[in-house]
Each structure stands twice: as C-alpha cells, then as structure tokens.
1. Looking only at the stretch 6-24, count every residue that is in a strand (DSSP E or B) and either surrounded by fewer than 19 Cβ atoms within 10 Å (Cβ to Cβ) or assigned by TED's automatic domain parsing to the domain that holds ASP113 (or both) and tell me the total.
2. Counting only residues that are touching a helix residue (DSSP H, G or I) at 6+ places or on another chain (Cβ under 7 Å) and free of Cβ contacts under 8 Å to residues at least 40 places away in the same chain, how many does the stretch 127-154 have?
3. Using the structure shown, decide if LEU145 is at pLDDT 95 or above and farther than 29 Å from THR58 by Cα.
4. If you take just the strands (runs of 3 or more DSSP E) that sit entirely in the stretch 91-186, which of them hold at least 1 residues that are surrounded by fewer than 20 Cβ atoms within 10 Å (Cβ to Cβ), outside the structural domain of LYS80 (by TED's automatic domain parsing) and charged (D, E, K, R)?
5. Within the stretch 42-82, which residues are assigned to a helix (DSSP H, G or I), closer than 22 Å to ASP171 by Cα and among the β-branched types (Val, Ile, Thr)?
6. Residues in the stretch 64-77: is at least one on the phi > 0 side of the Ramachandran plot and crowded, with 20+ Cβ neighbours inside 10 Å?
Amino acid sequence: MTVLALDASTARATVAVIRSATVAAEVTVAERSEHVEPLLPAALALLATVSVPLSDLTAIVCGAGPGTFTGLRTAASIGKGLAMGLSIPLHAVPSLPLILANLPRGRYLAVLDAGRGDRFATLLDWPSAEGAGYILAPAPQIEALAVESKAAIVGPETGVWPHARGVIHLDWGPPVDLASWEPDYGRSSAAEDRRRGATR
C-alpha cells in the first residue's frame, strides 16, 4: 500500500507518505496561523520527492481531531477531495495518539490545548492506542490525572507535536463515508457559543 497521511490538529500541520507500513517521507508545514493554505501543496511536493504520482496512492489517512477547527476542516476537505477524485478509501484516526509518533514505549498522557483554560487528553500505554478516547478538562485536572496515572504529560506545551507519521502505529478501522464524515472538533467554537447565546 502507498498511503498519504495528513494531520492539521494544531498550528503545525504534518504530512507523511507511507509505503508498506514504513514512512517513506515526511514534512512539517511551517508553524503559522494560516498554515492550512500550503497543506495541499506540501503534500503534493512530498509525493514528488519520493516519485509517487497521485494515481499510485491506495488510501488517505487523516487526523480526525480533536484540535483546531480550521486545521481539521482543511485537512478533512483535502482528504475527502483526494479520496473522492482518486476513488480510494479515506480513513480517520484520532489526532491525540499522533503526538506519540516519535516517542519510545511508555505511559503517556497526550495533551492538546482546547482553549478557555481546558485541555484534550488521552491516556495511552504506547505504542498501543487501543481505546484511545479522550477527555476535555481544565489544565489542573489533567495534571492531577497524570500524577494519579503515573503518566508523562506530552504535547505541544512540552515541545512534542502530533505528526502524521504516527498513523503507522494506529488501527485505521474501516473507511469513512465521504458524504457524511466530519472531524471531531472536541467542542463548539467560541463563535458558535456566541451565536447560541444570541438566540436564547
């Protein structure tokens, strides 16, 4: 299989080309607020560096969140567009375990900033990501959970970012339905909360 993996759950988007369960190439898109705009060109350039035409891809794997709204929406749109145009499956994987892509075995609490003083977090005995659900909780509660679970907190705040290369460690599950699938944003946006408040 030749697979293109994408994740844009944070301010640092990543792309990887996977061949036979091995990372053939990877790239991190420069960290910037509008990082999602060059995500597709970065993916196409990465494929070119390893001489993989789009027609050789057998699947797309997309980080499904939780994470930033704009990044997740853009990566999902790219994944859907490529999968539809190439008539290949699109698989969705949780983004939190991708934080552990380059880490050794161990017990970790993978954490992403959820805004408003909260964090998304999942407890994993890496490299297993079985049952990788997540919680949304205030930062002090996350820190208490790490102590209670004897787990190391890892995430962008500790200098460890999610990377699409981590999909090689995950069970992709069945392909998503391209017409209905949306990423898991984890919570409503501030704009959505404001709209709901205005209509009450």
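1. Selection size over the stretch 6-24: 4.
2. So the answer is 1.
3. yes
4. Those strands (runs of 3 or more DSSP E) span 106-115, 118-126.
5. Within the stretch 42-82, just ILE78 meets the criteria.
6. yes
The values are calculated or read from the model by the stated rules, or taken from the named source; none is laboratory data. On a predicted model such as this, the values are computed, not experimentally measured, just so you know. Positions of Cβ are backbone-derived with ideal geometry, glycine not excepted, and every protein chain shown enters the neighbour counts.
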